[in-house]
2 protein chains.
Amino acid sequence: MTAITFVPDGTSASPTGFRAGATYAGIKTYGDGKLDLAILVSDRDCDVAATFTRNRLRSAAIDVNEERLTAGHWTGRGVVVNAGCANSSTGEQGLVDGRRMCELAEDAAGAPAGSFFVGSTGVIGHFLPMDKIAAGVRNVRPTREGGMDFARAIMTTDLRPKFGAVRFGPYTLGGSCKGSGMIHPNMATMLCYLTTDAPVEAAFLRSTLSAAVDRTFNLVSVDGDTSPSDTVMLFANGAAGGETITAGTDMALAFAEAVEVLCTHLAKEIARDGEGATKLLEVTITGAASDTEARQLVREMTTSYLLKSAVHGADPNWGRIVAVIGRSTVRITEPKVTVTLCGTRVFEAGRPTDHDPAAVAEAMHGDTVTITCDLGVGEGSATGWGCDLSAEYVSINADYHT
Amino acid sequence: MTAITFVPDGTSASPTGFRAGATYAGIKTYGDGKLDLAILVSDRDCDVAATFTRNRLRSAAIDVNEERLTAGHWTGRGVVVNAGCANSSTGEQGLVDGRRMCELAEDAAGAPAGSFFVGSTGVIGHFLPMDKIAAGVRNVRPTREGGMDFARAIMTTDLRPKFGAVRFGPYTLGGSCKGSGMIHPNMATMLCYLTTDAPVEAAFLRSTLSAAVDRTFNLVSVDGDTSPSDTVMLFANGAAGGETITAGTDMALAFAEAVEVLCTHLAKEIARDGEGATKLLEVTITGAASDTEARQLVREMTTSYLLKSAVHGADPNWGRIVAVIGRSTVRITEPKVTVTLCGTRVFEAGRPTDHDPAAVAEAMHGDTVTITCDLGVGEGSATGWGCDLSAEYVSINADYHT
């Protein structure tokens, strides 16, 4: 088994052949002198995998990326991302602007036409300020050290940049993401860009990313609202050499594990930095009829107002957990359902156990609250992440006026 | 068309032949001297219709009611309700206690064995204090004027009692409900008891209640968590005489409309009194592929964290409304989707309209915020109710410790 190890201060520019950088183009109007325009580029062609939002009312950036992926046969060089304007609900003009933004970045980076993708996050219903973007793109100087700037530039109301990199065998996988930020009048867009210098066979690259996203980012919830812009992209440039990694090999297993480890890290970073969050909520469902049902229940748990409130108050409220299981449509064997809260079994055989609520409450005061439920039906399982619901969340999302 | 008119100060004891009353039995431990045990009784046998929670982990009271409805062929005399203990997650003992509570009320009211039903709301995982209930039941003196006491006694953390009555032709329909209250560690249980002196054919009584509940209480959401105890019951004693009302007659139409009007009134009262609520949110979906899809989207709207936060802040945030439509699975004709917020069209043809956000924000400062969305697909429609998400909601549900 190939070991997976984290790279200290690793970013999306850590893998060989990738560079990143950012500038302040004046798009993000809140804050002063924050970075808001970023470029991530490979010095050679990459195979590209991507997953996009399932929201039907999508940003123009998503449509532009899909048309470029198709035309370019799922290859490319890099991505240009702005924060401060989501280019969503912008109609035909949004498509024209998104394509133009790619071309500007290709010119600046000396990359082939059609090889860049685009990401936009921020206010929706407004057109991209193309003059500022054109000037800004020319100011970006991607370097091997620029991964941290990239991570900062794609933030909206995120409180901290989110990045990481892991080594697996001779290869590196890096990435950065943003999420759970909110700017009027938009949604908590999640953007994630992953890079690797491993040579990965194109179809395997895509299936690996899809599977990892299902088990990581798709199991994160801050508030249950998907955005028109959610994006995860993975660029593989093969710069570290070696044989092409295909399904069924040892290195394929290592690659898949590396992707899941890094995506899990980034997903938890998003949950922990959820708007107003003071705690990470980690929910594990076991004994479900299928992994799919386990994932469904994880999401129902991490989006429950009552459960998220109880987590915020460190209230060992097994009743709210049981209520979510009860209202869900996932199959259960009722007398076999068990609930474990921060390591203490609190519910089994249809009744609360004889536990000490004060001790459980004490455990819930930590920065991570874990809930494990066994449904007593089958072998399906899943783990997902959310955060507590705080008055600060309401304040962030209510006390903003157009 | 028979006119439906509200009865001033009408309650569940307004229809002929019904009496109600309550006492303080010492079950509700918060507050001083609050009523917490209530009886509603008819002086003659009633046909009974009922709908219960869909949560699979149900309170013993629900199980007891179902066994009594079946055994009694959907007839009965009344209901005994306590607040302060939900008799949920109480196993076999809970069933024994629930049945005993019915018997105690039947004895006290001089009603036949098997003719009473039971409701319990409050803390879960605790057994009913049967001594207090036995003593309390003997203290209740149901009267024609006792409907308000009944409405007060079934409250948990509700801020105000919820009741009403309407006249249709020679008949009266009354009712009271509680909901959106929360006591550790339980759920926002909704209980509703309706009464009428009209003689209604049993099957028609049940189908009418089901249809009305689907269009009213099932379209109310404070936080999306159903409780193990949710109940709506309708007692028809025929005391006002006349021909039995059967489907297809003019009086049947009047009765169905009366039930829907009163349930709508009570449902809106619940939404408006939602925990921490400062505003009523009324969402209407038109142009859906079916009424079912319209109802689904109503519920997705009224449970959205982002939308509820925007309503709280009177933020004319059409982007959050559009995002919910986009992430929903209901069918839409995308270019035809329109969004109207407090009377102003804010979104159409995939773009925000040229509206004045400040004027819409001003309208949203009222105590009711209305959202109307047309999906441009078909003839399906629905209206439902929710409330805003406030810091107070979080405080109510987080700052309680076991």
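The values are calculated or read from the model by the stated rules, or taken from the named source; none is laboratory data. The structure displayed is predicted, hence computed values, not measured ones. FYI the Cβ positions are ideal-geometry reconstructions off the backbone, even for glycines, and counts take in every protein chain you see.
Observations, loosely collected:
- Residues satisfying the stated conditions in segment A:121-132, i.e. surrounded by 24 or more Cβ atoms within 10 Å (Cβ to Cβ) and at pLDDT 95 or above: A:Leu128
- Any chance A:Gly21 is at pLDDT below 95 and closer than 19 Å to A:Phe235 by Cβ: no
- Where a residue in segment B:124-140 is within 14 Å of chain A (Cβ to nearest Cβ) and its partner, wherever it lies, is in a loop (DSSP other than H, G, I, E, B) and surrounded by 18 or more Cβ atoms within 10 Å (Cβ to Cβ), with Cβ under 6 Å and at least six apart: B:Ile124/B:Ala86; B:Ile124/B:Ser88; B:Ile124/B:Ser89; B:Ile124/B:Asn186; B:Gly125/B:Ser89; B:Phe127/B:Thr90
- Wholly within segment B:284-368, helices (runs of 4 or more DSSP H) carrying at least 2 residues that are away from chain A (no Cβ under 13 Å) and surrounded by fewer than 17 Cβ atoms within 10 Å (Cβ to Cβ): B:291-302
- Of all residues making up segment B:190-243, the number that are part of a loop (DSSP other than H, G, I, E, B) and closer than 30 Å to B:Leu297 by Cβ: 12
- In segment A:373-402, of all residues being over 23 Å from the mean Cα position of the chain (by Cα) and not in a loop (DSSP other than H, G, I, E, B), the one that is surrounded by the most Cβ atoms within 10 Å (Cβ to Cβ) corresponds to A:Cys373.
- Residue match in segment A:100-114 (condition: part of a loop (DSSP other than H, G, I, E, B), in contact with a Ser or Thr (Cβ under 8 Å, 6 or more places away or on another chain), touching a residue at least 24 places away in the same chain (Cβ under 8 Å) and on the phi > 0 side of the Ramachandran plot): no
- Residue check for B:Arg272: away from every other protein chain (no Cβ under 14 Å), in contact (Cβ under 8 Å) with a residue 60 or more places away in the chain and within 24 Å of B:Ser395 (Cα to Cα): yes
- The set of residues in segment B:133-163 being touching a helix residue (DSSP H, G or I) at 6+ places or on another chain (Cβ under 8 Å) and part of a helix (DSSP H, G or I) consists of B:Ile133, B:Ala134, B:Val137, B:Arg138.
- Annotation: of all residues in segment A:87-105 being away from chain B (no Cβ under 14 Å) and surrounded by fewer than 22 Cβ atoms within 10 Å (Cβ to Cβ), the one that is nearest to B:Glu348 (Cα to Cα) is A:Val96.
- Qualifying residue in segment A:70-86 (condition: assigned to a helix (DSSP H, G or I), touching a residue at least 24 places away in the same chain (Cβ under 8 Å) and out of contact with any strand residue (DSSP E or B) (no Cβ under 8 Å at 6 or more places or on another chain)): yes
- Positions within segment A:65-86 being of a type outside the set (Gly, Ala, Ser), crowded, with 24+ Cβ neighbours inside 10 Å and at pLDDT 95 or above, in sequence order: A:Asn65, A:Arg77, A:Val79, A:Val80, A:Val81, A:Asn82
- Test result for B:Gly380, within 12 Å of chain A (Cβ to nearest Cβ), touching a helix residue (DSSP H, G or I) at 6+ places or on another chain (Cβ under 8 Å) and in contact (Cβ under 8 Å) with a residue 12 or more places away in the chain: no
- Selection status of A:Ala267, closer than 27 Å to A:Thr5 by Cα, in contact with a helix residue (DSSP H, G or I) (Cβ under 8 Å, 6 or more places away or on another chain) and buried (at least 23 other Cβ atoms within 10 Å of the Cβ): yes
- Scanning segment A:308-318 for residues that are under 23 Å from the mean Cα position of the chain (by Cα) and either free of Cβ contacts under 8 Å to residues at least 60 places away in the same chain or not assigned by TED's automatic domain parsing to the domain that holds A:Glu392 (or both) returns no hits.
- You will find that of A:Thr51, A:Thr90, the residue that is touching a helix residue (DSSP H, G or I) at 6+ places or on another chain (Cβ under 6 Å), at pLDDT below 95 and over 22 Å from A:Phe127 (Cα atoms) is A:Thr51 and no other.
- Hits in segment A:115-126 - residues which are assigned to a strand (DSSP E or B) and in contact with a Pro (Cβ under 8 Å, 6 or more places away or on another chain): A:Val123
- For segment B:191-246, filtered to residues that are in contact with a Pro (Cβ under 8 Å, 6 or more places away or on another chain), hydroxyl-bearing (Ser, Thr, Tyr) and touching a residue at least 60 places away in the same chain (Cβ under 8 Å), the residue that is nearest to the other protein chains (Cβ to nearest Cβ) is B:Thr195.
Results for (1) in contact (Cβ under 8 Å) with a residue 12 or more places away in the chain; (2) closer than 30 Å to B:Lys336 by Cβ; (3) in a loop (DSSP other than H, G, I, E, B), shown as yes or no for each residue.
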| residue | (1), (2), (3) |
| --- | --- |
| A:Ala13 | yes, no, yes |
| A:Gly26 | yes, no, yes |
| A:Ser42 | yes, no, no |
| A:Asp47 | yes, no, no |
| A:Arg56 | no, yes, yes |
| A:Gly98 | yes, yes, no |
